[in-house]
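Written out below as structure tokens is the structure these notes cover.
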């Protein structure tokens, strides 16, 4: 009796909240739907959909984006499907309910990939050890900066390592970390798990404490997901378009960061890395500004067969650099372009690492690359 | 021909991204689904679901959470429904596809309300002028702080006003802004539009430039949406439980903020406001620490009929304060408790404002209250 009135009191106080829903489920004996549920050898997904006639499951653990798995229905209207436990990683998945893709309402962890939201499955162990919260965690901020080069106020995400605030005399190196087409200033921190990866690497002593700057590489967007900031119109075919952003990195972003943070303001204190389009930006900014960055890491990107890059690579060689690290998956649709970049680096006598992994043009690869080249920076 | 090969090149480069999807839609003549679409007098919602047999629309513009609207289907399998344009505000809505609630896949703006994600409709004009991006925008950071009181490292969100970084000698007052049950350190910044509201009020000269600190009021959670931080078990019925967090505000959070930010470290420089459970925290922290905060604003919360609070209010009166501002909707299920607080303040002779609005226990009310009491702080 006392338990029931406490329950009623709580439900009244919390009415309309998620906690109230949980209490209602508890009070009225309906088990909450658990999804995804990881057991020893498998993962089970569940969706309450008593009126649906077909529910399917699609997840990024299968490379074939056309394949989905039919789910079965129990007598209570809960649809379920199990898959063998995939290798440790972060996967995204969706349900397809009577032909419509949707997220898993029982799973609070979601990621935004460009304009789509996807439910997240994290399989522990292995690489996922870098996605867990470390004991010592850095902070993340979003800042607006003026970009006279582009003619906008723009936004970027900045990670400062654990201890930065309590070390007022310390100066830190900076990694400029660039996203791909379809991403924005939130991509690396949300899909890329940059904070968690950096926290874990730094805590273990594998990586140097560093600041990580994640700008928005789409110069027609002031910022992701805002209201009242109209996008600008650019002509995509205008060659000036690509360099507009690349120039703004050196002319607008680096000066802002080196003014507002305690940074090591020389090439040995600057790294640039980027995936896909951001790999293109990485090459463009180091080609245009040789000697600006000591560490250069294009990921899942390269050059066109026969693209003239020799004079630019020679300029980088002459200016000096500490690391040129190229990463690409052998299933990546840009693998040949990465091979061409590797060959150009060889041909021009630039010492470099060419890291060929399995897999394709995917976040598991980009996160993993960060755990590899991240350990080589600023040493 | 040239246009097509550019398209193919772009699609190859962007494969798998949202941009590629848009290009495919463009290339193959399928119009992208526009939803929601605001026209002069109405809003139209659309969902491509050719295999569904029933699609319904539910939105927060109707107060009755059981009511939803049947959508119609066109021959291409696009379901659609229009509603009269509701008053300017931020609304949340869902589709119900063959009985299953889901978000609008054509709408990139979503909000997380506790464990649920909801699609967002923003109707411009009126109050929504405060939700737009101002010209001068503040920055937002999430920081981890030690809470010896609770025995955890915890996370909070901190807003710094425009110009804070470029004003190294300026000292700022601080608003501690507390969320309700089911919320966390992201609630006020995402559902509450705190950054946009503060930016607009400060830019217009309506509010003083201030720092806003948004902690996590659930002491069993280290932080929202993390992996590898187990929640702590507390006994909800233990009276010490409630004060654990309230004590941590004064013992852990305020010292962190006043150490790491340029703040005005006296009662005239400190305000506390909170909604629902956070309104309870607001009263508890000011009752327990009279004289700590000059500005006290409980929202959609009050006291139980007959609750002994006189000695605590007398202590606040004696210590002195600048503002006691109570806001509540006349449809709020806690309206009577707010009335009881108002009467207790009257009875004890504490000057205060009792702001009674329409509506209930809702974010439109809480955002609106921020635009009202926010202008009264630190003046």
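The values are calculated or read from the model by the stated rules, or taken from the named source; none is laboratory data. None of these values were measured; they are calculated from a predicted model. Neighbour counts run over all protein chains shown; Cβ positions are idealised from the backbone, glycine included.
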Conditions (1) part of a strand (DSSP E or B); (2) within 9 Å of another protein chain (Cβ to nearest Cβ); (3) out of contact with any helix residue (DSSP H, G or I) (no Cβ under 6 Å at 6 or more places or on another chain); (4) surrounded by 18 or more Cβ atoms within 10 Å (Cβ to Cβ); number of the one not met by residue B:141: (4)
Residues of the stretch B:177-223 classified as part of a helix (DSSP H, G or I) and within 11 Å of chain A (Cβ to nearest Cβ), total: 7
Criterion violated by residue A:107 - all others in (1) assigned to a strand (DSSP E or B); (2) out of contact with any helix residue (DSSP H, G or I) (no Cβ under 7 Å at 6 or more places or on another chain); (3) over 30 Å from residue A:229 (Cβ atoms) satisfied: (1)
In the stretch A:305-345, residue farthest from residue A:278 (Cα to Cα) [restricted to those that are at pLDDT 95 or above, surrounded by fewer than 14 Cβ atoms within 10 Å (Cβ to Cβ) and more than 24 Å from the chain's Cα centre (by Cα)]: A:318
Boolean, residue A:5 is under 30 Å from residue B:336 (Cα atoms) and either within 14 Å of chain B (Cβ to nearest Cβ) or at pLDDT below 90 (or both): yes
Condition broken by residue B:112, with the remaining ones in (1) within 10 Å of chain A (Cβ to nearest Cβ); (2) without any contact (Cβ under 8 Å) to a residue 60 or more places away in the chain satisfied: (2)
Exclusive hit being over 23 Å from residue B:255 (Cα atoms) and touching a helix residue (DSSP H, G or I) at 6+ places or on another chain (Cβ under 7 Å), set B:165, B:133: B:133
Close pairs (9 angstrom Cβ cut-off, 6 or more residues apart or separate chains): free of Cβ contacts under 8 Å to residues at least 40 places away in the same chain in the stretch A:335-351, surrounded by fewer than 14 Cβ atoms within 10 Å (Cβ to Cβ) and in a helix (DSSP H, G or I) anywhere: A:347/A:310; A:348/A:310
Given (1) buried (at least 17 other Cβ atoms within 10 Å of the Cβ); (2) modelled with pLDDT under 70, number of the condition residue B:236 does not satisfy: (1)
Matching residues, the stretch B:93-109, being modelled with pLDDT of 95 or more, within 13 Å of chain A (Cβ to nearest Cβ) and within 22 Å of the chain's Cα centre (by Cα): B:94, B:102, B:103, B:104
Residues of the stretch A:57-86 that turn out to be surrounded by 10 or more Cβ atoms within 10 Å (Cβ to Cβ) and within 17 Å of residue A:43 (Cα to Cα), as a count: 20
Extreme residue, nearest to the other protein chains (Cβ to nearest Cβ), among residues of the stretch B:120-136 that are under 15 Å from the mean Cα position of the chain (by Cα) and free of Cβ contacts under 8 Å to residues at least 40 places away in the same chain: B:122
Number of the exception - residue B:160 against (1) outside the structural domain of residue B:177 (by TED's automatic domain parsing); (2) modelled with pLDDT of 95 or more: (1)
